[in-house]
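Written below as structure tokens is the structure these notes are about.
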Amino acid sequence: MIELQREPTHPGEILKEVFLEPLNISQTKLAKELHTSFRAINKLVNTKRGITTEMALKLAKFFGTTPQLWLNLQNSYDLCKVAKKKSDILKSIHKAEEVA
């Protein structure tokens, strides 16, 4: 099973703490620059929504990162969340070489 040192941080928290706050960019300004709604940005920052492929492209363009950064952050967060939720099922699954 997957063992993690710590739970990954939601990408919305990273957006807020690493990008928006240090650069003094409001959610309203970001929404305008990305041609999206304030609600979409607010839900992301408040960890109520995840990063979509489209949002990853927009954030990468605006902040000079890669879309993969944003998608990897989201995938790590989702993987941990599902692994915790399904831990009992995952524990009961044997490796292929153990079954053969």
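Every read-out reported here was derived from the displayed coordinates using simple, explicitly stated rules and does not represent laboratory data. What you see is a predicted model; the values in this text were computed from it and never measured. Using ideal geometry, Cβ is built from the backbone for each residue, glycine included, and neighbour counts are taken over all protein chains shown.
Take the Cβ-Cβ distance between T36 and K85 as r, set R0 to 22 Å, and report the resulting FRET efficiency rounded to the nearest 0.05.
So, using R0 = 22 Å, E works out to roughly 0.15.
Sorting T47, T28 on the 10 Å Cβ count, fewest up front, what's the list? Don't skip to the answer; put the middle values down first.
Values: T47 14, T28 11.
In increasing order of surrounding Cβ atoms, one gets T28, T47.
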* **Flagged links, alpha-carbon separation over 27 Å, of K32/K86; K58/K85; K43/K86; K29/K86; K48/K86** => K32/K86; K58/K85; K29/K86
* Asked: So what is the relative contact order for segment 11-99, in percent, with contacts set as C-alpha pairs under 8 Å and at least six apart?
  -> 24
* Asked: Whats the longest run of the chain with zero trypsin sites (Lys or Arg not before Pro) that are DSSP loop and have at most 16 other Cβ atoms within 10 Å?
  -> 7-47
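Determine the dipole magnitude for segment 11-99: charges of +1 sit on the beta-carbon of Lys and Arg, -1 on that of Asp and Glu, nothing else is charged, the reference point is the Cα centre, and the result goes in debye to the nearest 20.
In total the dipole reaches around 360 debye.
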* To do: Using a Förster distance of 30 angstrom, determine the FRET efficiency expected from the C-beta separation of T53 and E97, and round it to 0.05.
  => 0.25
* Where does the chain land at 222 nm, in deg cm²/dmol rounded to the nearest 500, when only DSSP H runs of n ≥ 4 count, each adding -39500 (n - 2.57), divided by all residues? -> -16000 deg cm²/dmol
* **Relative contact order (%) - segment 22-67, alpha-carbon pairs under 8 angstrom, separation at least six** => 25
